[in-house]
Amino acid sequence: MIKNIIFDMGNVLLDYNPQVSLDLFCQTEEEKTVIRRELFEGPEWIQGDLGNMTDDEKYESVRARVPDHMHPALKQCVYGWAICMQPLPGAKDFCMFARQKGYRLYVLSNANVDFYEYFPRFARLQEFDGIVVSSDVHIVKPDIRIYRYLLDKYQLEPQECLFLDDREDNVLAAREVGMLAEQFQGDFDFVQSKYHL
């Protein structure tokens, strides 16, 4: 019996889409390609999510691999990328519905410390029964230790948890620790129907 719904944050509750900042801050397709590769797909991004690297350190590290004329756009993307983090359609309504039905709500997110600045665009932290952010615990999904950390911290039984994440590897890891888990594809009605919520 499901008692707890655990949400990934990016592309489940909020729209994580680096293309928004690339389109806003970059002047050319070349800039977009280089900055996407070196920043958003580079090793520094994961180090930020692990809580091992600040935005300043991230910028200094990535800029060494980016041509000088791209540094202004890179800087804006490093410090302004979260402009894309807006609530996804239906997410707030689904959370409200689940809360009214008596489910406890949790967030398990790979995110750097900026999480606490942009997440309140979606909801107050207090509206969730618990939140685990990777940069706080220095572990990122799909490392199963972060799922076990959440279960232990909030005294949850895995078989009573439904986990929603847009990435298959994260979903498979949640199943490995005994949770029900669904790869979320933008349709809360489907989730509600499939799991009889």
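Residues in the range 41-52 that are closer than 20 Å to Asp136 by Cα, in contact (Cβ under 8 Å) with a residue 12 or more places away in the chain and not polar (S, T, N, Q): Glu44, Trp45, Ile46, Gly48, Asp49, Leu50, Gly51.
Candidates are the residues of the range 35-52 that are surrounded by fewer than 20 Cβ atoms within 10 Å (Cβ to Cβ) and aliphatic (A, V, I, L, M); the one that is farthest from Val113 (Cα to Cα) is Ile46.
Residues are listed down the side, and each one gets a yes or a no for (1) farther than 13 Å from Ile6 by Cα; (2) of a type in the set (S, T, N, Q); (3) crowded, with 17+ Cβ neighbours inside 10 Å; (4) out of contact with any His (no Cβ under 9 Å at 6 or more places or on another chain):
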| site | (1), (2), (3), (4) |
| --- | --- |
| Tyr118 | yes, no, yes, yes |
| Leu125 | yes, no, no, yes |
| Asp136 | yes, no, no, yes |
| Lys141 | yes, no, yes, yes |
| Ile146 | no, no, yes, yes |
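For Val113, indicate whether it is free of Cβ contacts under 8 Å to residues at least 40 places away in the same chain and touching a helix residue (DSSP H, G or I) at 6+ places or on another chain (Cβ under 8 Å). Answer is no for this residue. So which residues in the range 149-197 are among the basic types (Lys, Arg) and either out of contact with any Pro (no Cβ under 8 Å at 6 or more places or on another chain) or loosely packed, with under 14 Cβ neighbours inside 10 Å (or both), if there are any at all? Lys153, Arg175, Lys194 - these are the residues of the range 149-197 that are among the basic types (Lys, Arg) and either out of contact with any Pro (no Cβ under 8 Å at 6 or more places or on another chain) or loosely packed, with under 14 Cβ neighbours inside 10 Å (or both).
Of all residues in the range 135-190, those that are assigned to a helix (DSSP H, G or I) and over 19 Å from the mean Cα position of the chain (by Cα) total 8. Checked against the criteria, Tyr79 does not count as assigned by TED's automatic domain parsing to the domain that holds Glu29, within 21 Å of the chain's Cα centre (by Cα) and free of Cβ contacts under 8 Å to residues at least 24 places away in the same chain. When the residues of the range 1-31 are filtered to those that are free of Cβ contacts under 8 Å to residues at least 60 places away in the same chain and buried (at least 20 other Cβ atoms within 10 Å of the Cβ), the one that is farthest from Leu105 (Cα to Cα) is Glu31. Applying the criterion of being within 24 Å of Ala173 (Cβ to Cβ) and polar (S, T, N, Q) to the residues of the range 97-116, the residue that is surrounded by the fewest Cβ atoms within 10 Å (Cβ to Cβ) is Asn112. Test Asp152 against the criterion of being out of contact with any helix residue (DSSP H, G or I) (no Cβ under 9 Å at 6 or more places or on another chain) and either within 12 Å of Asp8 (Cα to Cα) or among the acidic types (Asp, Glu) (or both), and give yes or no. So Asp152 passes the test.
The values are calculated or read from the model by the stated rules, or taken from the named source; none is laboratory data. As the structure is a prediction and not an experimental result, all values here were calculated from the model. In this analysis, Cβ positions are derived from the backbone assuming ideal geometry, glycine residues included, and neighbour counts consider all displayed protein chains.
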